[in-house]
Amino acid sequence: MAAEPVNLNEFQELARLALPKMYYDFYAGGAEDEHTLKENVEAFHRITFRPRILVDVSRIDLSTTILDYKISAPIIIAPTALHKLANPEGEVATARAAASCNTIMVLSFTSSSSIEEVAASSNAVRFYQLYVFKKRDITATLVQRAERNGFKALVLTADTPRLGRREADIKNKMITPPLKNLEGLLSTKVSSDTGSNFEADANETMDASLSWKDLEWLRSITNLPILIKGILTREDAIKAVEVGVAGIIVSNHGARQLDYSPATISALEEVVHAVKGRVPILMDGGVRRGTDVFKALALGAQAVLIGRPVVYGLAAKGEYGVRRVIEMLKDEFELTMALTGCPSVKHITRKHVRTEQERIHSML
């Protein structure tokens, strides 16, 4: 019997062995040269700690609050597509794991389980990820279904006017099953002989004209708070606050959209400084260790979202695997807090980390 994984990278290897190559590549791959995909992880490696000693860390409190919802640790499940390709129970298993870990799950717009199935599966706090389609009534219908089924916020993914070029999917001629939430709303039969039907479907339906003024429309059809995902610059962060979003997610779409966009941990502080605490800032991309969670919080994030590790856990060991992935990160994060002298999340400050730029400055 294979040994139990001791870190998230080992879960990735188990997932690689468990999944057909086409599906593993779909989850693991990034855009074009995959420079940003590597950089999302490696940029964390260049941040070091400034630990404080002789602090009472006999009791450590990992809990935090996001949009008034108390969660066990600042680790949230990011929206990722098509969980049934990883495990037959799909997003239902993921939602149950989120509930048992007392954290928030953001259900992907491209989920393989329906909004209603996920809502019925557990009592987890759930947010719903939204893309805006050319046919606005489809988006409006999905928003209403999310509201009716107790979802607590919308996460508007704003970095996808068109789908990034994911070469592994093109080579594999990746065929995705019909999207459960779009049944009866949209024909998902798009023929594509030149690559992946995922890319063809997306480019057929995505609204490339979506702009800041459309946020007004979205706010007019819902009472749910709206977080905007995909911000990497000061300019867009300021604009987001001006249009009244409830929160910002610093994200480069898991490096699946624009290659050579910055690693999210490298872009985080620019956004934090621009927002000046007016709305909560979350981030995703490249989080593989509890030390990464700590670094993100020290640089101003209120929580991180994890995407691929959740899918790897699901592929390797189902609901239990997702739970283990979250628990591992929490255990590592707790140890990091103890060893840096932080008894609670609010004790984590900018003074606890040193970035690469600071290291270079100190050598000049």
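The values are calculated or read from the model by the stated rules, or taken from the named source; none is laboratory data. For clarity, every value in this text was computed on a predicted model and none was experimentally measured. Virtual Cβ from ideal backbone geometry, glycine too; neighbours counted across all protein chains shown. Each accessible area value is taken on the protein alone, full model and side chains, heavy atoms only, with ligands, DNA and RNA left out. Shrake-Rupley method; radii C 1.70, N 1.55, O 1.52, S 1.80 Å.
Between ARG234 and GLU32, 0.36 nm times their residue separation minus their Cα-Cα distance comes to what?
That pair, ARG234 and GLU32, stretches by 70.2 nm at full extension.
Give the shape of the stretch 208-257 as rounded, prolate or oblate, defined through the alpha-carbon gyration tensor: a ≥ b ≥ c are the square roots of its eigenvalues, a/c under 1.5 means rounded, and otherwise the shape is prolate if a/b is larger than b/c and oblate if not.
Taking the square roots of the gyration eigenvalues as a ≥ b ≥ c, the stretch 208-257 is prolate.
Rounded to the nearest 20 debye, what is the charge dipole size of the chain about its Cα centre when +1 sits on each Lys and Arg Cβ and -1 on each Asp and Glu Cβ?
Here the size comes out at about 640 debye.
From the Cα gyration tensor of the stretch 281-364, with a ≥ b ≥ c the square roots of its eigenvalues, which class applies: rounded if a/c is under 1.5, or else prolate if a/b is larger than b/c, or else oblate?
Prolate.
Using alpha carbons only, how many angstrom separate the centre of the stretch 1-54 from the centre of the stretch 228-292?
The distance from the Cα centre of the stretch 1-54 to that of the stretch 228-292 comes to 20 Å.
Can you tell me the FRET efficiency between LYS173 and LEU258 if r is taken as the Cβ-Cβ distance and R0 is 30 Å, rounded to the nearest 0.05?
0.80
Which residue fluctuates the most in the chain, going by a Gaussian network model with Cα springs under 10 Å, if the choices are ILE60, ILE248, ILE231?
ILE60
Find which of SER113, THR94, ILE47 sits farthest along the positive direction of the dipole of the stretch 42-166, computed with +1 on the beta-carbon of Lys and Arg, -1 on that of Asp and Glu, about the Cα centre.
The residue sitting farthest along the positive end of the dipole is ILE47.
By per-residue mean of other Cβ atoms within 10 Å, what is the highest-first order of 161-167, 62-68?
Put in order of decreasing packing, that is 161-167, 62-68.
When a/c is below 1.5 the answer is rounded, else prolate if a/b is larger than b/c, else oblate, so apply that to the stretch 1-56 with a ≥ b ≥ c taken from the square roots of the Cα gyration tensor eigenvalues.
In terms of gyration-tensor shape, oblate.
Rounded to a whole number, what % of the accessible area of the chain do carbon and sulfur atoms account for, probe 1.4 Å?
51
Residue farthest toward the positive end of the dipole of the chain, with Cβ of Lys/Arg at +1 and Asp/Glu at -1: which of GLY290, SER209, PRO280?
With unit charges placed on the Cβ atoms, the residue in question is PRO280.
With charges only on Cβ, +1 for K and R and -1 for D and E, what is the dipole size of the stretch 1-70 about its Cα centre, in debye, rounded to 20?
320
Points 7 angstrom from Cα along the Cβ direction at LYS134 and ASP207: gap in nanometres?
That separation, rounded to one decimal, is 1.3 nm.
Can you compute the label reach from SER58? Point 7 Å from Cα along the Cβ direction, backbone N cut-off under 17 Å, restricted to the stretch 306-338.
Counting backbone N atoms under 17 Å from the label point, the list is 338.
My understanding is that a pair violates if its Cα-Cα distance is over 30 Å; which of LYS134/LYS229; LYS21/LYS295; LYS38/LYS70 do that in this structure?
Pairs exceeding the cut-off: LYS21/LYS295; LYS38/LYS70.
With a 10 Å cut-off between alpha carbons and a GNM built on the chain, which of GLN12, GLN302, GLN144 moves the most?
GLN144
Quick check: the distance between the Cα centres of the stretch 311-364 and the stretch 87-150, to the nearest angstrom?
Cα centroid to Cα centroid, the span is 27 Å.
In whole Å, what are the extents of the stretch 241-322 along the principal axes defined by its C-alpha atoms, from largest to smallest?
That works out to 43, 26, 25 Å along the principal axes.
Go through the stretch 107-114 residue by residue and turn each phi into a ³J(HN,Hα) via Karplus (6.51, -1.76, 1.60, θ = phi - 60°); whole Hz please, and just put x for glycine and proline.
For the stretch 107-114, the Karplus-derived couplings read 7, 5, 4, 9, 7, 9, 10, 7 Hz, x marking Gly and Pro.
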